[in-house]
Amino acid sequence: MSEIFDIAFISGLIGATMRMATPIIFATLGEILSERAGVLNLGIEGIMLMGAMTGFLFTFSTGSIWFGVFAAACVGMLLGLLMALLSVNLGLSQHVSGLGITLFATGLAMFIYRLHFGSPTVPPIVEPFKQVTLPVLCKIPLIGPALFTQYSLTYIAWLLVPAMSILLYKTNIGLKIRTVGENPVGADTVGVNVTLTRTLCLVFGGALMGIGGAFLTLAHQNMFLIDVIGGRGWVAIAMVIFGNWDPLKGTIGALIFGFMDGLQLRLQSVGLVIPFHIFLMIPYLLTIVALIGVSRRAAVPAGLLKPYRREEKGG
Amino acid sequence: MANNDQPAVRMSSVTKRFLDVTANKDVSFSLYSGEICALLGENGAGKTTLMNILFGYYTCDEGEIFIRGKKADLSSPKDAISRGVGMIHQHFALVPSQTVLENIIVGAGSGIFLNLKSARRELLGLQERFGLKIDPDTRVWTLSVGEQQKVEILKALYRDVDILIMDEPTAVLAPAETVELFNTLRSLVKEGRSVVFISHKLNEVMDISDRIVVLRSGQVVAERQTAETNARELANLMVGRELLETIEKKELPAAEPVLRIKSLSALNDKKLAALKSVDLIVRQNEILGMAGISGNGQKELSEVLFGIRSPTDGFIQINDKPLKFGSPTASIKSHMGRIPEDRIDTGLLMDLSVEENLILENHSSDDLQHYGLMRSKNIQQFSDDLINRYNIKTAGGDAVTKSLSGGNLQKVMLARELAGEPSLIIASQPTRGLDVGAMEYIHQRLLQERERGAGILLISEDLDEILALSDRIVVLFEGEIMGEAPGATASREQIGLWMSGVKA
Amino acid sequence: MIRFRIIKREPLPGWAKVVIPIAAIVVTLILSAIPILLAGGHLWKSYFYLFHGALGTRYNLLETFVKASPLLLTGLAVAFAFRAKFWNIGAEGQLLAGALTATVFGVHMGSFPAFLVLPTVIIAGFLAGGLWASIPALLKTKLKVDDVVSTLLLNYVMVHIMGALLFGPLQQPGSSWPRSSAIIEAACYPILMARSRFHMGIIISFAAVLIIWFINKKTTFGYRAKAVGTNIRAAHFGGINTTSVILWTALISGGLAGLAGVGELCALQYRLIMDISPGYGYSGIVIAMLGNLHPVGVLFSSLFFSVIIVGAQTMSRMTGVPTYIAEVIQGMALMVMLIFLLFTEYKIRVKRK
């Protein structure tokens, strides 16, 4: 038990936290972008799965990991576009459109994978990302080595967090996005193209979700399994609420989830006598508890969930 | 004043249809620079629709629009704004959680990054020029309605709008704020801009406009220079007949109180004080008119009575029995007829049938159900009966409620709430947004209920309505009762002062 | 420049309500040609085996009903919940809760009189699913926690509860796999048609259609649920106890999903395994939407899905098209249906400039 307080343990835990949190950070940022513009994208789980599968497939076929990531992002964009067509252009219920996309994308991912690989006894693998150690920063005592030996995608995630904050709060586009999410009618009457804004947010949000999924098959593991996403898309949805629709706070939530995920693995290896499955449950339970704490003061974008159509009113 | 070579705006033979309603029929409308033109007509006449077309919010089915002589193809507000046309709708297009500055500059910035500094400078410059002083860094939800309207005007000016359309701007203003608004508008047109002033309020239209265009049932019926007409003529043109709402109120003796409110305090949704220790009495056979601009606590007061908001202090008695707070069922059981100000969102189930709406409060009665099973025949009878008695124009009890017109929607509300002959009626903005015919019906109904013995609390922004119907008048300002006056002898001036917060 | 506007249209005549879903299904099947061809399958052969595999022989036909049963129950569960705007995405977890509870009773009631066992198992499974659904309902009504997220997350919690129990107290003695002991004979659903798997649970699910239809249309509860689903503010204003409505809706919805779990356990698997549900809870959502939240619509759409799922097995064997085409078709069916439903209320106006 005392191993828990061992440097190696803590170091490993920090590294694991970052790793486990990365896909969720991508997914959460992607979802924040959509929801800030007023669209709840429940297609996230399916988009991540398609991203995971596409990334794996393209990497397997071309030998290039980054091309796989790029392909995953493209697929995410296409699915984001589909979501936009359904829920923004056609104004269908966001709940149902999103769930439909998750179901469709899940089926499609499995279908294409099966088409390409069949059902071999030994699952195909790819050469995954290798962790990269950042030169100077890794010398920081205690946390340095663990914190700054990560996959490239993780470093990218770190950069995306402030980037998204800047986008939302300090740019003209960000103000437009936020206004569309809070008062689409208001945005429209000021000349902001609500449809275009929402569509672009869904498309780029989808790209981030796709990359998040690809991380799981190209870095975290190096193969594709049907349950590779394991509900992380839904966790991201919860993290958006937890973080009050703010990129930084949502990332903190993702880190906490990653921490619990990483802790659960490590505690097992240390021989803690708690059933494995109870551990697996903990992150999800904690997310629910976090939501309870947060729901009271939630700063929901006021335009969330409302399709926007101009000619509804008569006279 | 008006300048005539070329109209700033010319709308020619504009027609606009929605599903089964023709909102604008072959309308031709011109606007000249340097003038304030009023677009007058009762609710539902098509004024807002017409201007929405000019603003690019709607597209017309037939007709053409010329702005400064050039044909304008407007498919979105963006196009209109780029041509210098701006519109301020009745429900403001602001984001309450954002600051004034953010609200004003959204969509108008150039470059990637927000340049708040230069925007602020420009804004302050505008404020100086037009006397619309508001701190750019306050959040909009903290502002009063009048101040929010100023933000809307600044938004338009920031975008170099010189054709400004205002839709019922004074509906939400206190008399003093209306004066300020009118001064602002006059200074705007002095520099050659034009203003379209949509309204159904005759006195204000006479006061502020240079020219008046009257719409009725989607068509232009008249055009007058303001100086050459009068209120009576305009009223007749608006409604198409001699406006003869004569309200005959019977003298009825003072009776027992039905409603007693003591020391009632409550918070609004922002957790600020909305009601501050209010005392009130309503008696049988009486209409107590509560005048005042929305936003001074009326909504919260009605919500407490309706049972959908819990007060922080005080008590309420109905027919000498204490009212349990926070329970719509308790309010219903206390024989209260409740007419909420937002009939669509709060009062009615728009996607359900008329019948299903009529039974909402009664569906558990022994008459309409039996061990949890609905008795369809009785329900149908109940509903048909109400549809007849209240003259609700509908295809039938199973017509979907949202297909009804505004006036008929309110009749459904009335039928539901008054059928049980309540001893207390709370009517909050009951005629808002309705045409004259519907308004008359509701006024008559309220008077009938008064004669029957009900005590009525009438909350309304429409001072004419209050003055015509009330036996006593009180004014609510910032959660406090400013004063009380007998209906027969109350003076507009006095009430206007109370509405602006001036006591005694 | 071509501009599209979506505007309201005149309401369609009543027969549209029936024709539109059928048209959606036809269009979906036509669109399915794309993945079939991509998979290198021969088009007509694939369609043939799809339908033959589901309906061509007595066994296949009965098997289609077997597969439809859990889909029908989860579809009803979701439709019933969605009607009151309780976004129950947790039917999968509620199904597992039902299966789990049924296992506990089904394995350990050996010393009870036989005629008590099955009813107990069924009721226990129903209640378990209902209670699991009432947790997010409570969170929604009392603490304003979003039901989409909470019901979803609880799915994963239930999966892990099942895992913990199947690797623990419920594990079949002597086995190293996560599986329970077999349930006793008295807890098994009787097979109703010889030489098939057509079981009592199918009748239960059909009965559920009638019961839910009855509740929705004829009871005051059904009326209240409809009102809450339409406009919760107005329902509250009108004196309806919205919290109670949502809680009871959750109970019934979860209970139906739980029954689906009981069925899979007591009619097909006879012991609890991790994979007892291949996502029936999630399919239920699509089925509910496809059926426009109406019990009869759910009935037909669950049959449609079942045909696709069962047929896809045969089609896969005979033409090499992966079985996952079933999921692809399901997803497409949903989107097609949504779009068609949209056009019952709106139309597109095209403007050319």
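Here are a few things to note about the model shown:
- Taking 0.36 nm per residue of separation and subtracting the Cα-Cα distance, full extension of the segment from residue C:12 to residue C:177 would add 53.8 nm.
- Scalar couplings 3J(HN,Hα) for segment B:309-320, obtained by applying the Karplus form with A = 6.51, B = -1.76, C = 1.60 to θ = phi - 60°, are 8, 9, x, 9, 7, x, 9, 10, 10, 10, 6, 6 Hz; x denotes Gly and Pro.
- Here the calculated FRET efficiency for residue C:348 and residue B:75, from their Cβ-Cβ distance with R0 = 22 Å, stands at 0.90, rounded to the nearest 0.05.
- When its C-alpha radius of gyration is set against 2.2 N^0.38 Å (N residues), segment B:9-239 gives a value of 1.01.
- With a Cα cut-off of under 25 Å and a minimum spacing of 8 residues unless on different chains, the lysine pairs in segment C:2-352 number 22.
- Between the Cα long axis of helix A:94-117 and the first principal axis of chain A there is an angle of about 50°, rounded to the nearest 10.
- Solvent-accessible surface of protein heavy atoms, probed at 1.4 angstrom with all chains present, puts B:472, C:317 in the order C:317, B:472, largest first.
- Relative to the dominant Cα principal axis of chain A, helix A:232-242 is inclined by about 70°.
- Projected label points at residue B:28 and residue C:85, each 7 Å from Cα along the beta carbon direction, are separated by 4.8 nanometres.
- When both segment A:123-191 and segment C:274-324 are represented by their alpha-carbon centers, they are found 39 Å apart.
- Cα-based shape type of chain C, given that a ≥ b ≥ c are square roots of the gyration tensor eigenvalues and the cut on a/c is 1.5: oblate
- Per residue of chain C, the DSSP helices (runs of n ≥ 4 H) give a summed -39500 (n - 2.57) that works out to -23000 deg cm²/dmol at 222 nm.
- Simple Cβ-charge dipole of the protein assembly as shown, Lys/Arg +1 and Asp/Glu -1, about Cα centre, in debye nearest 20: 2380
- Span-rule helices in chain C, defined as complete DSSP H runs reaching 24 Å or more along the axis (Cα) with Kyte mean at least 0.0: C:58-83, C:91-108, C:114-143, C:147-166, C:200-218, C:242-263, C:295-319, C:325-345
- A simple spin-label model places pseudo-atoms 7 Å from Cα toward Cβ; at residue B:489 and residue B:312 they are separated by 3.8 nm.
- Summed buried accessible area for B+C [probe radius 1.4 Å, Å², rounded to 100]: 2600
- Those residues of segment C:31-69 for which accessible area with every protein chain present is at least 40 Å² below the isolated value (1.4 Å probe): none
- Largest mean-square fluctuation among C:63, C:327, C:264, in a Gaussian network model of chain C whose springs join Cα atoms under 10 Å apart, belongs to C:327.
- Between 0 and 90°, nearest 10: helix A:65-84 axis offset from chain A longest Cα axis: 30
- Per-pair calculated FRET efficiency, R0 = 35 Å: residue B:388 and residue B:12 via Cβ, rounded to 0.05: 0.15
- Kirkwood-based shape ratio for segment A:78-126, expressed as Rg/Rh from alpha carbons: 1.20
- Equivalent ellipsoid semi-axes, segment A:2-310, via Cα gyration tensor eigenvalues times 5, rooted, Å: 32, 24, 18
- Listed by chain and number, the aspartates and glutamates whose alpha-carbon sits under 16 Å from that of residue B:276, ignoring those within fewer than 8 places in the same chain, are B:300, B:303, B:313, B:478, B:480.
- For segment C:23-154: rounded, prolate or oblate by the Cα gyration tensor [a/c cutoff 1.5]: oblate
- Size of the A/C contact, given as accessible area buried on both chains, probe 1.4 Å, in Å²: 4000
- Solvent exposure of chain B amounts to 42 Å² per residue of accessible area, where only protein heavy atoms count and the probe is 1.4 Å.
- Sequence-distant residues sharing a close amide H with residue B:209 (under 5 Å, placed H): none
- Taken one residue at a time, the phi angles of segment C:185-192 give Karplus couplings (6.51, -1.76, 1.60, θ = phi - 60°) of 4, 5, 9, 8, 5, x, 7, 9 Hz. Gly and Pro are set to x.
- Rounded, prolate or oblate (a/c below 1.5 giving rounded, otherwise prolate when a/b exceeds b/c) for the protein assembly as shown by Cα gyration tensor: prolate
- For segment B:9-239, size of Cβ-based charge dipole, Lys and Arg +1, Asp and Glu -1, in debye: 420
- Charges were assigned to the Cβ only: +1 to each Lys and Arg, -1 to each Asp and Glu. The resulting dipole of chain B about its Cα centre is roughly 780 debye.
The values are calculated or read from the model by the stated rules, or taken from the named source; none is laboratory data. This is a predicted model, so every value here is computed, not measured. FYI the Cβ positions are ideal-geometry reconstructions off the backbone, even for glycines, and counts take in every protein chain you see. Accessible surface areas use protein heavy atoms only, side chains included; no ligands, DNA or RNA. Shrake-Rupley method; radii C 1.70, N 1.55, O 1.52, S 1.80 Å.
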